[in-house]
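To start, the structure itself, in structure tokens.
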Amino acid sequence: MKPSKTAPTNSGSQFTRLGHPSILTSEQTATPRTILESFPNPAPHRDYEVKFVFPEFTSMCPVTGQPDFATITIEYVPDRKCVEMKSLKLYFLAFRNKGIFYEAATNQILDDLVAVLQPRRMTVTGDFAVRGGTAGIITATHDQAVQKRRKR
């Protein structure tokens, strides 16, 4: 059965890329956050964890231009919205030709997902492949309750 192209997001718009070719525009690759889509949390009354593992993340070293490979793991407790999985895959693909350090990539992924989803909690881990004899593992976290306490 073919997925619906008209499933509503929390904002009332429609999934625009489901069932369509996965071609990213220059605007989407320049601003990857615009690729992310969401849907209403089916169980907002409960805390539960969603985990996505993307073992094919690629970006470019901003110094050497060499490709950097990583496994990106996202773990989050949704509040009102959940991320749509195909849009997440396309979002990751937008980094393929982007010159960005490990730390910046991991934190940008967290910031973009938090901006779109506003989860209760989220952790993004970038497990970058060995280069120059060194592996890099970057972990960035967000906790909605902690953020609210800091604003007081």
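The values are calculated or read from the model by the stated rules, or taken from the named source; none is laboratory data. Worth saying up front: this structure is predicted, and the values here are computed from it rather than measured. Methodologically, a virtual Cβ is constructed for each residue, glycine included, from the backbone with ideal geometry; neighbour enumeration extends over all protein chains shown.
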Legend entry - Unique residue being hydroxyl-bearing (Ser, Thr, Tyr) and at pLDDT below 60 when the list is Thr9, Thr34: Thr9
Legend entry - Single match in Arg96, Arg131, Arg121, Arg150 (criterion: under 23 Å from Ala43 (Cβ atoms) and of a type in the set (Lys, Arg)): Arg121
Legend entry - Cβ-Cβ under 6 Å pairs, at least 6 apart or on other chains, the range 118-134 side within 21 Å of Lys51 (Cα to Cα), far side in a loop (DSSP other than H, G, I, E, B) and among the charged types (D, E, K, R): Gln118/Asp79; Pro119/Asp79; Arg120/Asp79
Inset, instruction - Give the residue that is surrounded by the most Cβ atoms within 10 Å (Cβ to Cβ), with candidates limited to residues of the range 45-68 that are of a type outside the set (Lys, Arg) and over 21 Å from Leu88 (Cα atoms). - result: Cys61
Legend entry - Index of the failed condition, Asp127 passing every other in (1) surrounded by 15 or more Cβ atoms within 10 Å (Cβ to Cβ); (2) in a helix (DSSP H, G or I); (3) not aliphatic (A, V, I, L, M): (2)
Inset, instruction - Please work out which one of (1) out of contact with any strand residue (DSSP E or B) (no Cβ under 8 Å at 6 or more places or on another chain); (2) in a loop (DSSP other than H, G, I, E, B) is the condition Tyr48 fails and give its number. - result: (1)
